[in-house]
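S.K.: Once you've had a glance at the structure underneath, I'll fire off some questions.
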Amino acid sequence: MVSVTVHQAGWVATMAGPVLKDGAVAVAAGRILAVGPAAEVGQRFPQAAMVEHGDGVLFPALVNAHCHLEFSALRGRIPPQNELGLWLEGVMAAMAGLSQDEIVQGIEQGLTELWQNGVCLVAETSNTGLSLPFLARSPLEFHYFHECLGFHLRQPGPLEIDFDVFRGGLARSLANFSAAAHAPYSVSEALFGRVAEWNRRYGRPSAVHLAESLEEVRFLRDGDGFFRLLLQKLGRWRTDYRAPGLTPAAYLDQLGFLRPDTLAAHGIWLNGEDLEILARRRTWVVLCPRSNLYTGAGFPNLPELRRAGVRLALGTDSLAGNRDFSLFQEMLLLHERFPDVPVAELLAMGTINGATALGRDKDFGSLTPGKKAAMLFIPFEAGGDFWEDLVRAGAAGNITWAAAPAKEA
């Protein structure tokens, strides 16, 4: 007989319906059986073990939809910058000075911090594969995006020609493994097509960094500036390159890369036509607001994204360009910048939206019967705005795991 545990708290915020005062969540074998008023759930499962969490809220575990664990060893080594180019140069120089042991230690510390911040599912972006075995051994569920770079790679053909990782059976057999294109200034037109084709062949989502800086906009418009100089320095410049004269979003749309299963990180420098494109293609934009400030990239215009109907999720990016992996801190900053945006929407960006973007909403993102029992308890006294109080408590680090299901093999 499967044992049942009923978790009770002053509040249950399911992110799939009204907030329940004096609510309860029944759990068995790592899955949610029932959610409702504590008295009703208790009556339904009279033999269940009861766990009373007290004043506070039971809340679905978080989804970090954009992260770079392999930069975790750079925490505090690169100061905040006023321009993304300066930050990028700092990252490249600092990474070159790290040993593999230091990088691995950073990955392990980053995974621990994600868990401590209430993350159950993370979208990791890497171009080395170093983080993949550590993700597999961690308690976190994940989607791994292997990032392809190659502004000089103009030939057609399968990704396996230029990227060894796609030759092995692991990439094809893991349903949570995708190809990703780094950015419009570092990936050729042909390589964008090859990445998209691989993901479509195996039914995987795609990812890209999009409209992160004004220099990216300038490069696609004029073909010059910081990114041209960087490509020349790296030996990847193409002398026959002609700028498309398009915005980053319009350019990727022309290439057919923007789809409902594409995650576009950052989305800062978007005009009205770009917003219409992203909304029409139902592409996910993953905001990383604290990282954007840290790196000098800019700041996303959340009200315009919302008005256009763009689908939104939330990430932290890396510890080379952020102070920690707290999604609640990301929500709090967006709330302080845009107080008219409902706080419940910000919480949805870090839960159900992120799970949906990664195709994992059947398991994560809300406290709903049938889903995995990935559940946090956040102690607080609701005295004013419930959602704001919740975000501030989470941002203060008042997070414990109420239930964490075993990861499936």
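Derivation of every value follows stated rules applied to the coordinates shown; laboratory data play no part. As the structure is a computational prediction, the values presented were derived from the model and not from experiment. Here the Cβ is made from the backbone with ideal geometry for all residues, glycine too, and neighbour counts use every protein chain on show.
S.K.: For the pair T400 and R221, how long in nm is the line joining their label points, each one 7 Å along Cα→Cβ?
M.R.: Distance between label points: 5.3 nm.
S.K.: May I pose another question? Treating only the Cβ of Lys, Arg, Asp and Glu as charged (+1, +1, -1, -1), what charge dipole size does the chain show about its Cα centre? Round to the nearest 20 debye. Present the calculation step by step, with values, prior to reporting the outcome.
M.R.: Working: 36 positive and 44 negative charges, 218 e Å.
So the magnitude is around 1040 debye.
S.K.: Moving on. So which aspartates and glutamates pass the test for K371, namely a Cα distance under 15 Å, with those fewer than 8 places away in the same chain ruled out?
M.R.: Once the sequence-local aspartates and glutamates are set aside, what remains near K371 is E141, D361, D363, E408.
S.K.: Could you list which residues have their amide H under 5 Å from that of H143, counting only those 5 or more apart in sequence or on another chain, with H placed in the peptide plane?
M.R.: Under 5 Å from the amide H of H143: V122, A123, E124.
S.K.: On to the next question. Report the extension gain between R306 and E40 in nm, rounded to one decimal, defined as 0.36 nm multiplied by the number of residues separating them, less their alpha carbon distance.
M.R.: Details: separation 266, 0.36 × 266 = 95.76 nm, distance 3.74 nm.
Full extension of this stretch gives 92.0 nm more.
S.K.: Amide H to amide H, which residues 5 or more places from L314 or on other chains are under 5 Å from it, using H placed in the peptide plane?
M.R.: For L314, the qualifying residues are A65, L287, G354.
S.K.: Let me ask another. Return the FRET efficiency for the residue pair D385, L170: r is the Cβ-Cβ distance, R0 is 51 Å, and the value is rounded to the nearest 0.05. Don't skip to the answer; put the middle values down first.
M.R.: Numbers: r = 47 Å, r/R0 = 0.92.
For R0 = 51 Å, the calculated efficiency reads 0.65.
S.K.: 7 Å from Cα along Cα→Cβ at both R323 and L234: what's the point-to-point distance in nm?
M.R.: 3.0
S.K.: At R0 = 25 Å, how high is the FRET efficiency between M50 and K407 if r is their beta carbon distance? Nearest 0.05 is fine. Let's see the in-between values first.
M.R.: Values: r = 26 Å, r/R0 = 1.04.
So, using R0 = 25 Å, E works out to roughly 0.45.
S.K.: Dipole size in debye (nearest 20) for the range 174-311 around its Cα centre, Lys and Arg Cβ +1, Asp and Glu Cβ -1? Mind showing how you got there, number by number?
M.R.: Numbers: 19 positive and 14 negative charges, 81 e Å.
Magnitude of the dipole: close to 380 debye.
S.K.: Provide, as a two-decimal number, the C-alpha radius of gyration of the range 62-357 over 2.2 N^0.38 Å, N being how many residues it has. Walk me through the numbers before you get to the answer.
M.R.: Values: Rg = 17.7 Å, N = 296, 2.2 N^0.38 = 19.1 Å.
Its radius of gyration relative to the 2.2 N^0.38 Å reference: 0.93.
S.K.: Evaluate the distance, in nm, between pseudo-label points positioned 7 Å from the Cα of A136 and of T112 along their respective Cα→Cβ axes.
M.R.: For A136 paired with T112, the spin-label model returns 2.3 nm.
S.K.: Please report how far the C-alpha centroid of the range 246-309 lies from that of the range 152-230, rounded to the nearest whole angstrom.
M.R.: With the range 246-309 and the range 152-230 each reduced to a Cα centre, they are spaced 17 Å.
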